[in-house]
Every structure is written in structure tokens, then in C-alpha cells.
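Written below as C-alpha cells is the structure these notes are about.
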There are 2 protein chains.
Amino acid sequence: MPRAWNLIARPTGLPGPECFSLVETPPAPLADGEVRVRNTWLSVDPYMRGRMNDVKSYVPPFGLNEAMTGGAVGVVVESRADGLKPGDRVMHMLGWRDEAVGKPPEFMPLPDLGVPDQMFLGLLGITGLTAYFGLFDVAEAKAGDTVFVSAAAGAVGSAVVQFAKLKGMTVIGSAGGAEKCALVRDLGADAVIDYKADRPLVKQLAEAAPDGIDVYFDNVGGEHLDAALAAARNHGRFAMCGMIESYNTGAPLSLQYAIRIVGFRLQLRGFIISDYMHRMNEFFAEVGPWAAAGKLKNIETIRDGLEGAPDAFRELFSGGNKGKMVVRL
Amino acid sequence: MPRAWNLIARPTGLPGPECFSLVETPPAPLADGEVRVRNTWLSVDPYMRGRMNDVKSYVPPFGLNEAMTGGAVGVVVESRADGLKPGDRVMHMLGWRDEAVGKPPEFMPLPDLGVPDQMFLGLLGITGLTAYFGLFDVAEAKAGDTVFVSAAAGAVGSAVVQFAKLKGMTVIGSAGGAEKCALVRDLGADAVIDYKADRPLVKQLAEAAPDGIDVYFDNVGGEHLDAALAAARNHGRFAMCGMIESYNTGAPLSLQYAIRIVGFRLQLRGFIISDYMHRMNEFFAEVGPWAAAGKLKNIETIRDGLEGAPDAFRELFSGGNKGKMVVRL
């Protein structure tokens, strides 16, 4: 019997087991035009935390006592739709469940790039798209720029490091602990900052980028953002992708260096990746060949089994993942 | 004997009398190509506070034991330069003194618009230029937008209110106290918020703009900026012009609503007006006719005498001025 994770309570802080319930979902016959997909990989992402709150945001909140959604990859097992047949591998947004049913526009066949399927949840999926358009479009990063990226060992951050290096930038990444810092260096970063080290980030960044930074890709907020403000050069551009530090705490952001926004003509731009979905082809045109040529390192953390999906999600907030966190079904 | 205000000590907090010295400046004969200008009006502006610190900023710090500079209007009294003759009225940046000496590129003849000379320090000078390009270029404000502007009874703010109304926007201004709020309403604002009232700004703004704001023109920082973040609609654009709240205190900025930058795709852009000096003609082409047609209200606070210039400057930080603060010599 296929199952799905329902949200059954709105969390305060880090969502505990009391918020989720794994329920059985008896299969119904397909309607005309529908397909049935058996999910093989699920994505868990920090942005999902926002959807667990009942507040107006860029994506509607998850409904209470309904199955949650999210990125997923799967195999068509039954089809009453043109263009998709059993055996086709597809990516879609009906995650957090064993089986997904819907019509073809919701299911996009995986391009044939000779890479593992779950990369379409990471470097070649929403994660990669976020890194790509955040870096090149939102922050207008270009060859020669010095780029600082926080959570550089994370899903989006590790993509930013690689894309920036492939485009001729100098890259400084921050990560927590020696192991993750080594990973970021392996990805090609020119300098790495350990935010768990016993030295203020603002000092570490000033040393790593003595001439300042042109671009900051923010996944964290908080002290990272403040350090980036302190280091930014004239006309520095910040892509504001997320502030994972505040997702669970709701603590106010305290910035010592905000005044530099004015004098250094800094630009901070928030973005959400759904605004860029229609440019997916543009993304694949550049990143697909990089992937096919083996130029990208697929950093991932795999957890097994639908039962473990909430735990995998929670781990995102304690730094439990390197690269993209995925759940294998 | 002409005199000038020297900076003789770097201030901590609000600059006291111990920071300034009024010194006599014996006139020297003009060199070839130079003019001598007797200043008639001086500008004092919040940004000058930054120049009193010895830190790298967008304008170099004032030198110790040197005359300070700033906007001024005056009359040519002696000329050894082509194109300027005694009696010509000019605007320039050698303020804080009775007499200015230099070459013509530093002295721009006042356009003949039939308005008081000191308006070229306010609505028709750097102040107006700041409001104009901050609003229309940095924040990309357009007809139909809802615009929130802080310090709306101040020099830049009162210009923003008027320019925005002349271009068909809905305007919400904040000011401190009933008298200033009445002034902002007189300028045409659709709604006015008294930031000294005993109610949180975030609530007052939510009521004044129930559908949110498209543009925020920030002169203040702090709680105003946070309220604007809370009220911003999708793709809201913030022109970051100054943060007068922090100029003297250096206190960190605390933002409860920063996370909305991401989800609502907000754009915060700092700017400094010297980047727009080369577009002065564009500004005069639109604002000059407004002034000549009597469509602009010249709100100003006049203080008399060079001796009083430091006091006039200090008053900017206690809300002592309505509109542009100018010193009449």
C-alpha cells in the first residue's frame, strides 16, 4: 500500500515527530490523461519549513492533514496519458509520498545526460537552478568577480561554488567544520572559512578577501550577511536566497554593517526560484553539457526510506547534510 | 576678514562645539582662471556626519584642521576666469565658509527659474537630485505605485513626497509630531504616519497601506526600514538613501522582517548622489519646469550667520528642521 507524509500540526521551532503522520493512500483508478509514478527519490529542502507555517508566503502553506509536496524523481508505472509510458523516468513536485498521480504537464521526462537520476533533484534540478539564476541573474556575477557563498557545503552552496569556478570567478565559501571545509576546497573554492572556528566571521572574510567581495550568495543570513556587508566592494551585489538561521528561531536579524548598503551602493535582491522555471531550458543548455562532460561533482547525502523523510528534513537545520540531501525509496 | 569652519577633532556621537573652530582666512590674490565667490547660502546635510569620521567611505573624510566643504550658493565678486563675471550667482561645493575661490568647473551658474537662490541647495540642488534619482532610478518608482518615505518632512523626504505625487503615485510619509505630519499632508501625501506616536510603526504602516507598498525611500533605517520590509509587496524596491538613526550611535540595525526580502523578492539598493551628477540636466529638464510653474513647495528652515552653522548641522539629528536646513550669510 503506498503511503504519504501528511502535515498534522503546525510546528513551532524545529518540527518534531508530532507534526507529521505517515498515512496509507489506497490507489484509485487513473482518470483519462493521468499517469501513475512510483517515486524513487525525494528531495527535502529548507524552504519547506516556511510552508509548514500558516502564513502568507511565496508558496502557499501546506494544508493540515494533507500530503506535503516537494521535488521528486520517479518511474511511470501506469499511463493513460499521451507522451508518457511505463518505464519513463520523470521529475515532478509530488514528493513526500510513494506514488504520485497527475497529468503530464506536472511530470517532466528526465533529459538523457548519463548521470544518476537523483542529480535532477540536486545540481540538475531546483537546487542547481537556484544556484545558477541566483548567481548569474540575481547577483549578475561575471568572470573576474570575487564571490562569497555561505553554506558552501550545502546543496545550493556547493552548486554555486562549482558554477562560479566554471565561469572564471574567485570563490570564497563558508562551511562548518574541517570536513565540510575540505569538501568546499575540493569543489574548487579559492578560500574557505570555517564558521565554527573561534574567530569572528567578519575578520575571517576580511582576510580571505583582502580586496573585498563583488558578490555574496546568501543562504544563511545573520552573521554571514553582516560579514558580507562589511566586506562588500562598491556596487556589490547580494543574491538573497534564504536565511536558514532564522527559519526555526524567528530571531531578528542584527546587522552592524547595514549602513554600508548606502555608501557602497550595495544591491540586495531576494529571489524565489519559481520565477525562473520558464528558463529551465537556458539552464540545461549550459549546465547539462557540464554534467555530461563530468565537470560537476555531485555532492549528496542519501537517507533511505520514506519513513526517514522527516528526520532527513530536520537534519538540514543541524548541518547533517553535505551537498544535496535526498531520500531514496 | 572672511572666515571658515575647520574640523579640529573627530566626533564621537553627536559632534559638539569642541569639534569645530571658526578661523579667519586672509584673502590671497586670484590666480589666472580663478574666481572669488561670496557665499550667500550654505547647506548642512546629514551625510556630512560621515565625513567627520576618519574612515573609508564614499566621500573622503574631512581633513583635520582644514575647512569643511558642502553645498553653497554665492555671488561672484571677482573674476579672472572666462565665462563668469562679478554679479553672477553660482552653486558649488565650497561651503562652510564666507568666501570660496576656485576655477569655473567648480562653480555652476544658477539657471534662471525665477525661484529663490537657496532652492538650488534644496529642491533644485543635491537634495532634489537625491530625491529624484533615488525615487525614479534607484527604486524605479512609476505611476500607480504606493510609495512610503521616511523623514517625509525633511529635506529629501519632502522632495520625494512632491515628486511622487506629481508623477501619479500614492504616497505615505512618516514624520515626527503633529506639526510635521500636517506639513507632509500639505505637500500632498495621501497618508501620514507619526513615528513619535505611541503605536508601533509596523502597525501604523499596515493600516496606512493595507495592500502594501511597492517602493520605500529610506532616510532613516531602524524601525522604519523594518516596517517597510513588513509591508512590502512582491518585487518591492527600496532606495537606501541614508540611515540617520545610526549616524551618531553606530548601533546595529535589528530587523524582524528581513526574511521577507527572500520570499517577496525585495530589492534594496544603496546609492550616493555623486553617481548621478552627470545627469543633472535630465533632472533640471523635468523639475525646472515644475519649479517655474509654481508646482513645488519650497519647505525650508533658515538659520542666520556662519557662526551658527555647526548648531544648524546638529539640529538635523534632533529633527529641528522642516524641509531643507540652510544657513543664510
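The values are calculated or read from the model by the stated rules, or taken from the named source; none is laboratory data. All values reported here derive from a predicted model rather than from experimental measurement. Positions of Cβ are generated from backbone atoms using ideal geometry, with glycine treated the same way; all protein chains shown enter the neighbour counts. For the accessible areas, the whole protein counts, side chains as well, though only heavy atoms, and no ligand, DNA or RNA atoms are used. Shrake-Rupley method; radii C 1.70, N 1.55, O 1.52, S 1.80 Å.
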Subject >> Inter-copy spacing of B:Asn53 label points, which lie 7 Å from Cα along Cα→Cβ, given in nm from shortest upward >> reply: 3.1
Subject >> Estimated dipole of the stretch B:126-274 in Debye, rounded to 20 [Cβ of Lys and Arg +1, of Asp and Glu -1, Cα centre] >> reply: 240 debye
Original post:
Which distance in nm do the two modelled labels at A:His278 and B:Ala182 give, with both placed 7 Å along the Cα-to-Cβ direction?
Top reply: 5.1 nm
**OP:** State, to one decimal in nm and shortest first, how far the label point of B:Asp304 sits from each corresponding label point in the other identical copies (label point: 7 angstrom along Cα-to-Cβ).
**Re:** 9.0
Subject >> Relative contact order, percent, the stretch A:126-274 [alpha-carbon distance under 8 Å, six or more residues apart] >> reply: 23 percent
Original post:
Who wins for biggest fluctuation among B:Asn219, B:Asn298, B:Asn65 in a Gaussian network model of chain B, springs between alpha carbons below 10 Å?
Top reply: B:Asn65
**OP:** Using a Gaussian network model of chain A whose springs link C-alpha atoms within less than 10 Å, name the residue from A:Ser79, A:Ser318, A:Ser21 with the highest mean-square fluctuation.
**Re:** A:Ser318
Original post:
How about B:Lys103: which aspartates and glutamates have a C-alpha closer than 13 Å to its C-alpha, ignoring those fewer than 8 places off in the same chain?
Top reply: B:Asp32, B:Glu34, B:Glu78, B:Asp82
Subject >> Three-way shape label, the protein assembly as shown, alpha-carbon gyration tensor, a/c 1.5 >> reply: prolate
Subject >> Separation of the B:Ser254 and A:Asp304 label points, Cα + 7 Å toward Cβ, nm >> reply: 4.9 nm
Original post:
Can you give the calculated 222 nm mean residue ellipticity of chain A, where each DSSP H run of n ≥ 4 adds -39,500 (n - 2.57) and the sum is split over every residue, rounded to the nearest 500 deg cm²/dmol?
Top reply: -6500 deg cm²/dmol
Original post:
So how far, in whole Å, is the C-alpha centre of the stretch B:284-328 from the one of the stretch B:23-37?
Top reply: 27 Å
Subject >> Inverse mean reciprocal Cα-Cα distance (Kirkwood Rh) of chain A, Å >> reply: 20.4 Å
Subject >> Modelled FRET efficiency - R0 35 Å, A:Glu315 with B:Asp54, Cβ distances, 0.05 increments >> reply: 0.15
Original post:
Which ³J(HN,Hα) values in Hz, rounded to whole numbers, follow from the phi angles of the stretch A:76-92 under the Karplus curve 6.51 cos²θ - 1.76 cosθ + 1.60, where θ = phi - 60° and Gly and Pro get x?
Top reply: 5, 10, 7, 9, 10, 10, 5, x, 10, 10, x, x, 5, 9, 9, 10, 6
**OP:** Treat each spin label as a single point 7 Å out from the Cα along the C-beta direction, and report the A:Met1 to A:Leu64 distance in nm.
**Re:** 2.5 nm
**OP:** Provide a whole-number value for the mean count of partner chain Cβ atoms within 10 Å of the Cβ atoms in peptide A:269-276.
**Re:** 5
Original post:
If r is the Cβ-Cβ distance from B:Ala293 to B:Ala9 and R0 is 45 Å, what FRET efficiency results, to the nearest 0.05?
Top reply: 0.45
Subject >> Neighbour net charge for B:Ala81 - beta-carbon separation under 12 angstrom, K R +1, D E -1 >> reply: -2
Original post:
Can you list residues whose amide H is under 5 Å from B:Val220's amide H, if they're 5+ apart or on another chain and H is modeled 1.01 Å from N?
Top reply: B:Gly242, B:Ile244
**OP:** List, in the order given, every pair from A:Lys85/A:Lys295; A:Lys297/A:Lys322; A:Lys295/A:Lys322; B:Lys165/B:Lys297; B:Lys142/B:Lys196 whose Cα-Cα distance in the structure shown is over 21 Å.
**Re:** A:Lys85/A:Lys295; B:Lys142/B:Lys196
Original post:
Each residue of the stretch B:20-32 in turn: what ³J(HN,Hα) in whole Hz from Karplus with 6.51, -1.76, 1.60 and θ = phi - 60°, glycine and Pro shown as x?
Top reply: 10, 9, 8, 10, 7, 10, x, x, 9, x, 5, 7, 4
Subject >> Within 10 Å of each Cβ in A:225-231, the average number of Cβ atoms from other chains >> reply: 1
**OP:** Can you list the distances in nanometres, one decimal and ascending, from the A:Gly177 label point to the identical position in each other copy, with the point 7 Å along Cα to Cβ?
**Re:** 5.8
Original post:
For chain B, what's the relative contact order in percent, using C-alpha pairs closer than 8 Å and at least 6 residues apart?
Top reply: 17 percent
Original post:
So what's the projected area for the stretch A:183-302, the Cα convex hull averaged over all directions, in nm²?
Top reply: 9.9 nm²
**OP:** For the protein assembly as shown, with all protein chains present and a 1.4 Å probe, just round the carbon and sulfur fraction of the accessible area to a whole percent.
**Re:** 51 percent
